[in-house]
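Beneath this line is the structure, given in structure tokens, with notes to follow.
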């Protein structure tokens with residue numbers, strides 16, 4: 001009987017030690033006051049923007065590239081989106097924006113990751129991978145040292161944050 005217990009314990013130890021991934025609870029706090037440069041790609045087009053978070057559902061995104069939209073600023077606050085470009089301003093309800101609009105998809109995904117709501121976490125080699133859904137699309141985000149570094153939304157849209 002002792003041999004069986006010893007062999008069972010050794011087998012359990014070996015089997016649990018083999019996995020390089022582990023499911024994780026919300027492992028760390030992601031900085032809520034995100035302020036970074038975002039490089040996003042959608043439909044093989046690349047964009048660079050300054051992205052700032054002012055709180056839950058409050059974001060400011062100012063594009064710097066490509067040149068044709070440099071200076072375009074989108075500010076979202078709850079259900080309102082304000083757009084500014086070349087001295088013109090327009091305010092619209094978020095629901096009037098296209099469902100798969102780049103900035104709201106990114107900011108909703110980041111809000112889900114930051115709040116820890118409806119995301120699954122996996123830890124591997126010090127990198128946390130968080131997975132969730134936004135507007136029916138699956139997203140995967142990578143977190144290192146409390147900072148979101150990468151985001152992929154179902155292969156449709158990808159972003160890097162520095």
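The values are calculated or read from the model by the stated rules, or taken from the named source; none is laboratory data. Quick caveat: nothing in here was measured; it's all calculated off a predicted structure. Neighbour counts are summed over all protein chains in view; Cβ atoms, including those assigned to glycine, are modelled from backbone coordinates with ideal geometry.
Annotations
- Checked against the criterion of being in contact with a strand residue (DSSP E or B) (Cβ under 6 Å, 6 or more places away or on another chain), under 25 Å from residue 35 (Cβ atoms), surrounded by 17 or more Cβ atoms within 10 Å (Cβ to Cβ) and at pLDDT 95 or above, the candidates 106, 128 yield just one match: 106.
- Residue identified as surrounded by 15 or more Cβ atoms within 10 Å (Cβ to Cβ), more than 10 Å from residue 161 (Cα to Cα) and touching a residue at least 12 places away in the same chain (Cβ under 8 Å) among 60, 32: 60
- Strands (runs of 3 or more DSSP E) lying entirely in segment 61-138 (those with 3 or more residues that are out of contact with any helix residue (DSSP H, G or I) (no Cβ under 6 Å at 6 or more places or on another chain) and more than 21 Å from residue 156 (Cα to Cα)): 73-77, 80-85, 88-93, 120-124
- The residue list 116, 54 contains one member that is surrounded by 14 or more Cβ atoms within 10 Å (Cβ to Cβ) and either more than 22 Å from residue 32 (Cβ to Cβ) or at pLDDT 90 or above (or both), which is 54.
- Total residues in segment 44-55 satisfying the condition of being farther than 16 Å from residue 148 by Cα and in contact (Cβ under 8 Å) with a residue 40 or more places away in the chain: the figure is 1.
- Set 136, 141, 78, 146: member being without any contact (Cβ under 8 Å) to a residue 40 or more places away in the chain, exposed (fewer than 14 other Cβ atoms within 10 Å of the Cβ) and within 21 Å of residue 35 (Cα to Cα): 78
- Every pair of residues 6+ apart whose Cβ atoms lie under 6 Å, when the first sits in segment 90-105 and is at negative phi and without any contact (Cβ under 8 Å) to a residue 12 or more places away in the chain while the second is surrounded by 10 or more Cβ atoms within 10 Å (Cβ to Cβ) and outside any helix (DSSP H, G or I): 90/83; 91/82
- Qualifying residue in segment 87-103 (condition: closer than 19 Å to residue 32 by Cα, under 13 Å from the mean Cα position of the chain (by Cα) and crowded, with 16+ Cβ neighbours inside 10 Å): yes
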